[in-house]
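Below: the structure, in structure tokens.
The values are calculated or read from the model by the stated rules, or taken from the named source; none is laboratory data. This is a predicted model, so every value here is computed, not measured. Backbone-built Cβ (ideal geometry, glycine too); neighbour counts: all protein chains shown.
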Amino acid sequence: MKKLFKKESEVEKNSKKHVETVYECIDKLKELMDCFYRNDFETLNKKVAEISKLEHSADEIRRHMEIEYYEGAFLPFDREDRIVLAEEVDRVADMTEEAAYGICLSRVQFPENFKQDFSELTESVCDTVYALKNCVESLDVDLGDAIKKAHEIERKEEYSDKLERSLIKKIYEAYRNQEFDILSLIELKSIVRRLGKIVDRAENASDRVLIMVAKRRG
């Protein structure tokens with residue numbers, strides 16, 4: 001029994017480490033966006049490599065957690081949900097890496113008058129993933145708090161959606177006013193979409209938290 005509790009304690013530590021590593025990816029994305037605003041693609045490439053390394057670390061932690069589940073950590077009814085949650089959280093890092101690579105490959109010159117709009121969207125993405133980090137960490141501490149944080153993520157996702165739609169509309173308007181070419185339109189829109197998908201992945205993970213809480217209270 002002591003061995004089981006020790007194993008579960010190790011998994012909980014790894015779960016915390018996993019979501020913290022995923023949040024580090026987002027923190028690096030914010031730094032990458034600052035490089036993008038300055039059209040500093042040399043430094044931007046380095047940030048992409050740092051994000052990729054963190055994403056790989058998150059994968060390794062998740063795989064280690066899965067082995068621990070296989071070896072008997074937690075009861076079977078809880079084990080599956082924890083594995084799914086780890087996979088959903090991991091997809092946040094995956095999408096962050098994809099967004100970073102997309103910006104790197106596009107090499108599109110950033111239009112200065114869009115900096116505030118992109119900054120607001122990026123900040124919203126970071127806030128949402130930070131809320132997810134807190135939500136997952138609350139799961140083994142306070143179920144009521146985990147619910148509140150999951151609902152907070154839903155509200156943040158709605159706000160992020162509004163920013164995303166508004167920014168895409170502005171991008172199209174700028175293109176129609178011949179402020180930039182069709183390639184810039186496509187690339188800027190794609191970047192906005194990818195940033196929005198990070199938030200969507202975070203909300204998917206928070207939905208799994210709600211399911212887990214419902215099962216435990218049942």
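The residues of the range 92-125 include none that are at pLDDT below 95 and among the aromatic types (Phe, Trp, Tyr).
Any residue that is surrounded by 16 or more Cβ atoms within 10 Å (Cβ to Cβ), under 27 Å from LYS156 (Cα atoms) and of a type in the set (A, V, I, L, M, F, W, C) - is there at least one of those in the range 105-117? Within the range 105-117 (the criterion being surrounded by 16 or more Cβ atoms within 10 Å (Cβ to Cβ), under 27 Å from LYS156 (Cα atoms) and of a type in the set (A, V, I, L, M, F, W, C)), the answer is yes, since at least one residue qualifies.
You will find that of LYS148, LYS133, the residue that is of a type in the set (D, E, K, R) and out of contact with any helix residue (DSSP H, G or I) (no Cβ under 8 Å at 6 or more places or on another chain) is LYS148 and no other. Number of residues in the range 91-141 that are within 16 Å of GLU187 (Cα to Cα) and part of a loop (DSSP other than H, G, I, E, B): the value is 5.
Scanning the range 21-70 for residues that are modelled with pLDDT under 95 and among the basic types (Lys, Arg), we see that the one that is farthest from ARG216 (Cα to Cα) is ARG63.
The listed residues are ARG193, ARG165, ARG216, and the only one of them that is surrounded by fewer than 19 Cβ atoms within 10 Å (Cβ to Cβ) and either under 16 Å from LEU29 (Cα atoms) or of a type in the set (S, T, N, Q) (or both) turns out to be ARG193.
Is it fair to say ILE186 is modelled with pLDDT under 95 and either out of contact with any Leu (no Cβ under 6 Å at 6 or more places or on another chain) or among the aliphatic types (A, V, I, L, M) (or both)? For ILE186, the condition - modelled with pLDDT under 95 and either out of contact with any Leu (no Cβ under 6 Å at 6 or more places or on another chain) or among the aliphatic types (A, V, I, L, M) (or both) - is not met. I want to confirm something. Restricting to the range 37-71 and keeping residues that are aliphatic (A, V, I, L, M) and buried (at least 16 other Cβ atoms within 10 Å of the Cβ), which single residue is nearest to MET95 (Cα to Cα)? Only one residue fits best here, namely ILE51. Restricting attention to the range 8-36, and to residues there that are surrounded by 20 or more Cβ atoms within 10 Å (Cβ to Cβ) and among the hydroxyl-bearing types (Ser, Thr, Tyr), which single residue is farthest from ALA100 (Cα to Cα)? Filtering first and then ranking leaves SER15. If you go through the range 168-190 and keep only what is surrounded by fewer than 20 Cβ atoms within 10 Å (Cβ to Cβ) and of a type in the set (A, V, I, L, M), you end up with ILE168, ALA174, ILE182, LEU183, LEU185, ILE186. Checked against (1) within 24 Å of ARG216 (Cα to Cα); (2) modelled with pLDDT of 95 or more; (3) of a type outside the set (Ser, Thr, Tyr), ALA73 passes all but condition (2).
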